[in-house]
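Novice: This is the structure I want to talk about, given as structure tokens.
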Amino acid sequence: LSRGWVCWTLGSGLAIGCAVSTKWTGLSAMAVAGLHALASLVATVRAAQGSSAASSPPRPLALRLRSAGAETWLRALLQAALPLGIYVGCFALHFWLLPSPGPGVRFHTEAFRAALPPPPPPPPPSPPPPSPP
């Protein structure tokens, strides 16, 4: 697991989280990443069982399986838990801001607008600057 691999996996997790938070069709990006992760895991396990390429030096079986486990957990964290955290965080922010009236409130019914809290009072005017002597 190289530093570049972790950075790209982190970036894809952030992008998936933003895509799913924007529109649920972003789940297709998560499905593609999941299929790629599954294919990578199968290839890693097959390589650990002895069908590795001749170009790579042989490594002990336990070390190769440990690497596959680390990759699986890191992918689960960066490409599943991170996007879920972004999705939940965006909706937490949305629901935190939801009660505040704004310019779009005029599109709602009168009954809905009556249920909203009153807008905050405007800030007091600033005092005029002192005149020069």
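The values are calculated or read from the model by the stated rules, or taken from the named source; none is laboratory data. These figures come from a predicted structure and were not determined experimentally. Glycine gets a Cβ as well: all are built from the backbone with ideal geometry, and neighbour counts include every protein chain shown. For the accessible areas, the whole protein counts, side chains as well, though only heavy atoms, and no ligand, DNA or RNA atoms are used. Shrake-Rupley method; radii C 1.70, N 1.55, O 1.52, S 1.80 Å.
Novice: Within region 2-30, can you find the residues that are assigned to a helix (DSSP H, G or I), within 27 Å of Ser67 (Cα to Cα) and not hydrophobic (A, V, I, L, M, F, W, C)? Break it down stepwise before answering.
Specialist: Applying the first criterion (assigned to a helix (DSSP H, G or I)) to region 2-30 yields 3-22, 24-30.
Filter once more, so that each one left must be within 27 Å of Ser67 (Cα to Cα): 3-17, 29-30.
Once the filter is applied, which keeps residues that are assigned to a helix (DSSP H, G or I), within 27 Å of Ser67 (Cα to Cα) and not hydrophobic (A, V, I, L, M, F, W, C), region 2-30 yields Arg3, Gly4, Thr9, Gly11, Ser12, Gly13, Gly17.
Novice: Search region 30-44 for residues being at pLDDT below 85 and open to solvent by 50 Å² or more (accessible area, probe 1.4 Å), and hand back the single one that is nearest to Gly13 (Cα to Cα).
Specialist: Leu41
Novice: Moving to a separate point now. Pro119 - would you say it is open to solvent by less than 100 Å² (accessible area, probe 1.4 Å), within 26 Å of Val20 (Cα to Cα) and not in a helix (DSSP H, G or I)? Working first, answer last.
Specialist: Working: open to solvent by less than 100 Å² (accessible area, probe 1.4 Å): yes; within 26 Å of Val20 (Cα to Cα): no; not in a helix (DSSP H, G or I): yes.
Here the answer is no, as Pro119 does not meet what is asked.
Novice: So, in region 90-113, how many residues would count as being without any contact (Cβ under 8 Å) to a residue 24 or more places away in the chain and assigned to a helix (DSSP H, G or I)? Break it down stepwise before answering.
Specialist: Residues of region 90-113 without any contact (Cβ under 8 Å) to a residue 24 or more places away in the chain: 92-113.
Those still in the list that are assigned to a helix (DSSP H, G or I) too: 92-97, 103-107, 110-113.
Of the residues in region 90-113, 15 are without any contact (Cβ under 8 Å) to a residue 24 or more places away in the chain and assigned to a helix (DSSP H, G or I).
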